[in-house]
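Read through the structure below, which is laid out as structure tokens, and then see the notes.
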Amino acid sequence: MIRNIQDEIIRLKKEKNICILAHSYQAAEILEVADYTGDSFQLSLMAQKTDASTVIMCGVRFMAETVKILSPKKKVILANPYAGCPMAEQMDKELISAVKEKYPDYTVVAYINTTAELKTICDVCVTSSSAVNIVNKIDNKNILFIPDCNLGAYVAKQIPDKNIKLLQGGCPTHAKITEEEVYKARKLHPDALLLVHPECRAKVTEEADYVGSTSGIMDFAEKSDKKEFIIGTEISIAEHLQYKCPDKNFYPLSIDLVCNNMKCTTLMDVYNSVRGTAGEEIILDEKTISDAKKCIDKMIELG
Ligand code: 13P
Ligand code: SF4
């Protein structure tokens, strides 16, 4: 039954010139029908390259907004309108405008997990895979990094000569993981390497053998000679890696590492979006698009 729905999605997307983008946290049956899969950075590049007239985003709202900003002439559909990112909604334009007034000589670096509206007043965007490289290249010592204080602290540690100011934001899924869970997982799997996402707290990243974005973690595990890995990011990554490398073993760092927002998109949402009976079209006004684009273009230029 699932196979029939997938076949129909593939048939319809070809017929209608639709490109399906899926973040790596999506379910396997969705990744299988996608044209491109990957982390936030890879998807933002694909959004720029595809020449399909319609793009369906299987991910969360800020990702669909990023596609719209980079491809304003395309019709961009968020497959499930309820899929937001709690971190992206933590800080708004009013709050950051007020903070900027207090720190006028700071470059404002926005994690891509921010709303399009907030990006309009930020200087440069980063993703988890590009953050260290891009902040390093910014020609200002003073950086205001929003909204994720864990990713920001991780970047600050890698680039100690920058003066990085942080606010109290972050990913509720990654930030709830504790060092106690690390000790427990290490005890259960003493031969495994620990790979974690920089959205985790410092006490967790400090214990890791590797810290990186979703695709960084996947590449590391696939290329490594080691056979066992504890995966410190959204639980689906351990599952996808297990399919890709059946001769290795992958253990989620915690069964609480679930992002309900990423999980709410179903194959049927994708099917109905391709048919045109579900999903939400992303509409942004021209000024928001052009102002937010400067922030994303700067990331692509520096990265
Ligand atoms: P990356 O895809 O950049 O690793 O980020 C993970 C994430 O939390 C997506 O919302
Ligand atoms: Fe947002 Fe965290 Fe979910 Fe990523 S995992 S979409 S940052 S809440």
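The values are calculated or read from the model by the stated rules, or taken from the named source; none is laboratory data. Not measured: the values here are computed from a predicted model. Glycine also receives a Cβ, built like all others from the backbone with ideal geometry; neighbour counts cover every protein chain displayed. Side chains are part of the model used for accessible areas, which takes the heavy atoms of the whole protein and leaves out ligands, DNA and RNA. Shrake-Rupley method; radii C 1.70, N 1.55, O 1.52, S 1.80 Å.
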Practice task
Answer with yes or no whether Ile255 is open to solvent by 50 Å² or more (accessible area, probe 1.4 Å) and outside any helix (DSSP H, G or I).
Solution key: yes
Exercise for the section: Check whether at least one residue in region 245-259 is touching a Gly at 6+ places or on another chain (Cβ under 9 Å), closer than 30 Å to Val108 by Cβ and within 16 Å of ligand 2 (Cβ to nearest atom), and report yes or no. Expected result: yes
Practice task
Might you let me know whether region 204-220 holds any residue that is charged (D, E, K, R), assigned to a helix (DSSP H, G or I) and within 16 Å of Leu257 (Cα to Cα)?
Solution key: no
Fill in the blank from the handout: Of the residues in region 189-217, those that are open to solvent by 10 Å² or more (accessible area, probe 1.4 Å), without any contact (Cβ under 8 Å) to a residue 60 or more places away in the chain and within 16 Å of ligand 1 (Cβ to nearest atom) number 5
Handout entry: Close pairs (6 angstrom Cβ cut-off, 6 or more residues apart or separate chains): in contact (Cβ under 8 Å) with a residue 40 or more places away in the chain and farther than 10 Å from Ile121 by Cα in region 87-100, open to solvent by less than 40 Å² (accessible area, probe 1.4 Å) and not in a loop (DSSP other than H, G, I, E, B) anywhere
Key = Ala88/Phe62; Gln90/Gly169; Met91/Ile146; Met91/Gly169
Exercise for the section: Please specify each residue of region 44-70 satisfying the condition of being surrounded by fewer than 24 Cβ atoms within 10 Å (Cβ to Cβ) and touching a strand residue (DSSP E or B) at 6+ places or on another chain (Cβ under 7 Å). Expected result: Met46, Thr50, Ala52, Ser53, Thr54, Arg61
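Of all residues in region 260-284 being open to solvent by 20 Å² or more (accessible area, probe 1.4 Å) and within 12 Å of ligand 2 (Cβ to nearest atom), which is nearest to Cys85 (Cα to Cα)? I'd like the intermediate steps shown before the answer.
Taking region 260-284 first, the residues open to solvent by 20 Å² or more (accessible area, probe 1.4 Å) are 260-261, 263-264, 266, 268-269, 271-272, 275-281, 283-284.
Remaining after also requiring within 12 Å of ligand 2 (Cβ to nearest atom): 260-261, 263-264.
On the way: Asn260: 9, Asn261: 7, Lys263: 11, Cys264: 12 Å.
Result: Asn261.
Quick one: is Asp148 closer than 27 Å to Ile235 by Cβ, of a type in the set (Asp, Glu) and either surrounded by 23 or more Cβ atoms within 10 Å (Cβ to Cβ) or in contact with a helix residue (DSSP H, G or I) (Cβ under 7 Å, 6 or more places away or on another chain) (or both)?
On the way: closer than 27 Å to Ile235 by Cβ: yes; of a type in the set (Asp, Glu): yes; either surrounded by 23 or more Cβ atoms within 10 Å (Cβ to Cβ) or in contact with a helix residue (DSSP H, G or I) (Cβ under 7 Å, 6 or more places away or on another chain) (or both): yes.
Criteria met by Asp148.
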Problem - Selected residue (criterion: most open to solvent (accessible area, probe 1.4 Å)) from residues of region 164-188 that are in a loop (DSSP other than H, G, I, E, B) and not small (Gly, Ala, Ser) - result: Gln168
Problem - Condition check for Glu222: away from ligand 2 (no atom under 16 Å from the Cβ) and either farther than 18 Å from Leu21 by Cβ or not β-branched (Val, Ile, Thr) (or both) - result: yes
Handout entry: Residue match in region 37-54 (condition: modelled with pLDDT of 95 or more, under 22 Å from the mean Cα position of the chain (by Cα) and more than 16 Å from ligand 1 (Cβ to nearest atom))
Key = yes
